[in-house]
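Data block below; observations after.
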Amino acid sequence: MERESAGDDLQSLIEAIKASELVETRIQLIAKLGVPVPPNKSSDLDALLEFFITLWEGFTCLDESQCLLNKAMLDVAAKYLEGDSFGGQEKFLTLGAKASEWCAKHLKMTLMSTDDSQEEEHCSVFFQLLLECLNFSVGCFLLVIRNPTFGDEGLMDALVKFILENLNLIKDLISEFKKIHLSTSELLKGVELVLDSVMKLCKVYSQTVNWDLCGQIAVKDSSGLDGEGGADLNYVVKIIKCTIEKLSELGTLAADSGGSLVTVLNLSWKGVVSLLQLGEGKLAEKVNIGDIILILFSLATDSLKCAAESWYSSVGQTISVTEAKRALLPIKFYLINAVRISSQYPHQAFSVYQEATLCILLLTTLRVTFSSETSLKNVCEAMEELLKPTSLHVLKSLLNSAQLCKDQKLKILDWLFAFDRGLPSSNSHQDTDIQKGLLDEIFSVTCEAMPTARTLLLGQVALFIDLLKVCPDLEENVILGITTKMQLCLDVLVDEEVYSSALVLLIPASFADGKSSILTWEPFLVSFLRALKIFMIVISRTQVWSEMELFLLHNFFHPHFLCWEIIMELWCFLVRHAEDTTVNAVIDKLCSLYKMIASSNSLRTLHCTSLRKMARSMCLLLSSCTPSTVDRVYRIIMTDDRSHDSAVMYAALLMEGFQLNLLSDNLKIAATERIFSEYIHFVDNYTESPLDSCSSDALMLPAIALCSALQSMQIDASGIDRKTLKFLLVVLQTYKKSTDRITKNNCCRLLSEALGIISTAKHLYGNDQMEDIIIELKNMFISGPTGGESELQKCKSALASFMSSLGHMEMAENEENEKTSAVLHLYHMLLRERHWALIHLAISAFGYFAARTSCRQLWRFVPPDAALSYDGNTGTDINEEKFMSELKVILEKEAALPAATASTTEQLQLVLKDGLILRELFQKDSHLSIDAMECDIKVTRRENISNKRRKLPDGFCRGMELLQNGLKTMKDGLSLCQQDQPDSIEVDDKILIQFSHLEDMVNRLVGLADDG
């Protein structure tokens, strides 16, 4: 009877609420509905909830009393919700949907009406109602999760609408969150609970349906499948699809909040990823996953652009590591989620591969661009640490996917590395806002414009390097595709802007030592070469190697210097580390090619570009080969002693710096003797019949070979005798007597070789015939034609070398001496040359001469109109002080050479600095004061005057002995390191230079100690 009376009380209260017109009275009556006992029947609960729904629908305007009334209804409904045992899920969901819809409708109205006066009472009450609505929704979700129901179409429709209205409310709340100043933390907590609850509900329903039916139904049509569970699956797909789409929208809105909604951002995108993992991959047919991936990459690009603009706006201020990482972490978050989705749905990711890879390319381009800015070094390192691994993982997830076919993967590579080699040069920014202009240019690139965007060229090369480094993680088909792109990547380096940047650019690089990752900076080209070498090692035992070998052979004669050096470094790497059979096979092929080039032209090919370049390449390769391989090549070339091709090939090798020391000892002696014997034989024949010997280049090869070997300091010049002086005089006379141009040209070539040979043989400058040679040279160059068209113009570089060694002969001081006058006129001629190369040779030769000659009136050898005396801008104004300042630098260098190993002013300054450091250490350890040092200096001077030697302290001698022992230990350690690891770059050049300076200084101190 009590329970029936309670039901009667409920009905009477409802009737009383309906009859009352005062909101305050209604609030008081509604508060009694949950007290003292809940309704005794589910029908009573349905009637109550139906009454609340009807009552809620009647509210069209917003004021404080209505908010209080709505809040009272939710409070009572929440109490029944917590103790529900009679069902009523559909009514609860309908009420929750109505409440969410009403709150979303009045949210913007509240913010617009109150503006900045959110302290007003009615606004506070509304936000309390909004919070109550979120909490009530969480309760509804928990009710459904505890009792998931299928087969009730009305209930499922109510559930779909309830979820939709809740997510719409949260979307509106997040979009207007910056305007809310009241209860923000409580509202955020409520939003998080709702999002967490809806995701749990999706997972519960996903586990209770048969996903195998997903291919048989459409989201909008489930007729005919009710008995098989198709309708239930249809509703579950609707719910999950709706939730995923709304969560991605929430994640986008939270990303625009500037970081104040980090928890919502994380929860939204993690929810998207986790929900997409449901359904055994069947959601790909129902959800537009490609758009979701696009959103993530768009967010990453926008965040990166915003961060880059803020960094460039504070130009000159170094960005800290903490600040850089704070800005980059959201970008990493977006990329990580994109990787997770792409890995699970590769086909959908492939549908947007252009946008995805463009984002990765932008990241790489900016990382390379930032590396050239000192203030952005920390940013570049942070990008290397945080973004580079994740962005590469995006590529690897597509390129390694088992669900994508080979053609799809190659299509990605084709688009990403579609270099257009016929692009016009980009306009460089000359204004002060160069960084801003560069950023705009980078971020304005679209997918359609990417293949022709010059701004991304260096970034494409950098990304190609990154792919080469991770090639061990890629499948063979992809590696083959990468190999086919090498030629295009190499051709991009020819671009003037790319290679000029690549030559000076330093980029960060990560290395793993087994325990942790080490970040260091290295030259861009070093990184490129290391990546190519890693790639060569990976493919060395695969079928891809044939493609790589074809690439190396195809570019053996690459016309661009940078590309040629890269290719040759790879060839050297190959012959250093490959098996002997592989090396011999490669060398044999190259020798056959070398012979073919030499035999396809006449002897004039010694000056042919292809022959010389082939010889230069062979010299580089042989410097990396074993002595047995070098001997093998020497024997192949010199098989036929009488072969003209062999002589040409050998001479070309010597001209390009072939090291005879690479040969085994016996073969080196034989090669040296052969060079001398063939030269002597040639000189004897030439002096007897010069015109016959000048008829062809073939007869000049012995002189060319000896000159090249002498100038590379591989042969001792002491074996050169007076025959060479006589040979030179005959060449000069033949040139004067001959009338045809071919003979004169051949004589000029021989003249250059003879001058080069004599310049290395310093002992010949004291010979009596030298004066005749100097006078003949003066008559030929001064009296004869010296214009740019003259064949003698080509001999002036050799003449400069010859005249530099004139300092080793005795010369009279007065100009009346014919020899001195000839030298004076020849130097006047050389120093007047306006060609930049001849200027350098002339001033260097005169500096060497001036540092060693006995002549004191050197100013006589310098003409007043010397080339270096002219103003660089006008080319007409003469300033002798400019020439003298340049000459002073040369003389200081030459004067310093006998006393120290340093060859530049900078190195001499380093030696001086090391000496001062040693002096300070010596003073500190000996406890000597400045006064005591000055006293020692005075005593030393007095002892020197009296020709007496002061005995040095025992401590000084002992210290010198310790220094020498320490230097010896250091030197042995460095030598051992270089022997064990000849290819290692660990022993830095600066260390070797500083060690050499220290060693010289200690040796000088030892000399002082010995004198003492």
For this session: Calculate one ³J(HN,Hα) per residue across segment 173-178 by plugging θ = phi - 60° into the Karplus curve 6.51 cos²θ - 1.76 cosθ + 1.60, and present them in order as whole Hz with x for glycine and proline.
Result: 5, 5, 5, 9, 5, 5
For this session: Scan around residue 870 for amide H atoms under 5 Å from its own, H built in the peptide plane at 1.01 Å from N, and keep only partners 5 or more places away or cross-chain.
Result: 879
Problem set entry | Rounded to whole Hz, the Karplus (6.51, -1.76, 1.60) HN-Hα couplings of segment 269-284, x for glycine and proline | 6, 5, x, 4, 5, 5, 5, 5, 7, 7, x, 6, x, 6, 5, 4
For this session: Starting with the highest mean, order 656-662, 618-624 by the number of other Cβ atoms within 10 Å, averaged over the residues of each peptide.
Result: 618-624, 656-662
Exercise. Can you list the residues, at least 5 places off or on another chain, whose amide H is less than 5 Å from the amide H of residue 522, using H built in the peptide plane?
Worked result: 507, 509
Problem set entry | Span from the segment 442-500 Cα centroid across to the segment 514-574 one, whole angstrom | 15
For this session: Can you tell me the relative contact order of segment 288-524? Whole percent, Cα pairs under 8 Å, sequence separation 6 or more.
Result: 22
Exercise. Quick one: which of 305/469; 406/485; 723/819 span more than 18 angstrom between C-alpha atoms?
Worked result: 305/469; 723/819
For this session: Average the reciprocal distances over every distinct pair of alpha-carbons in segment 554-627, invert the result, and give the Kirkwood radius in Å.
Result: 12.9
Problem set entry | Sorted peptide list for 232-238, 578-584, criterion being average Cβ within 10 angstrom, highest first | 232-238, 578-584
Exercise. Whose amide H sits under 5 Å from the amide H of residue 812, counting only residues 5 or more places off or on another chain, with H placed in the peptide plane?
Worked result: 820
Problem set entry | Rounded FRET efficiency, nearest 0.05, which uses the C-beta distance separating residue 405 from residue 256 and R0 of 45 Å | 0.75
For this session: Indicate the gyration tensor shape class of segment 288-524 (rounded, prolate or oblate), computed on the Cα atoms with a ≥ b ≥ c the square roots of the eigenvalues: a/c under 1.5 is rounded; otherwise a/b larger than b/c is prolate and the rest oblate.
Result: rounded
Exercise. Are any of the pairs 71/161; 200/238; 171/388; 179/332; 71/246; 241/411 more than 23 Å apart by Cα-Cα distance, and if so, which?
Worked result: 171/388; 179/332; 71/246; 241/411
Problem set entry | Highest to lowest packing among 458-468, 443-453, 628-638, scored as the average C-beta count within 10 Å | 458-468, 628-638, 443-453
For this session: Starting at the first residue of segment 390-396, write each ³J(HN,Hα) from the Karplus equation 6.51 cos²θ - 1.76 cosθ + 1.60 with θ = phi - 60°, in whole Hz, x for Gly and Pro.
Result: 5, 5, 5, 5, 4, 5, 5
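Quick note: the coordinates plus some simple rules give every number you see, no bench work behind them. The structure presented is a predicted model; accordingly, all values stated were derived computationally and were not measured. Using ideal geometry, Cβ is built from the backbone for each residue, glycine included, and neighbour counts are taken over all protein chains shown.
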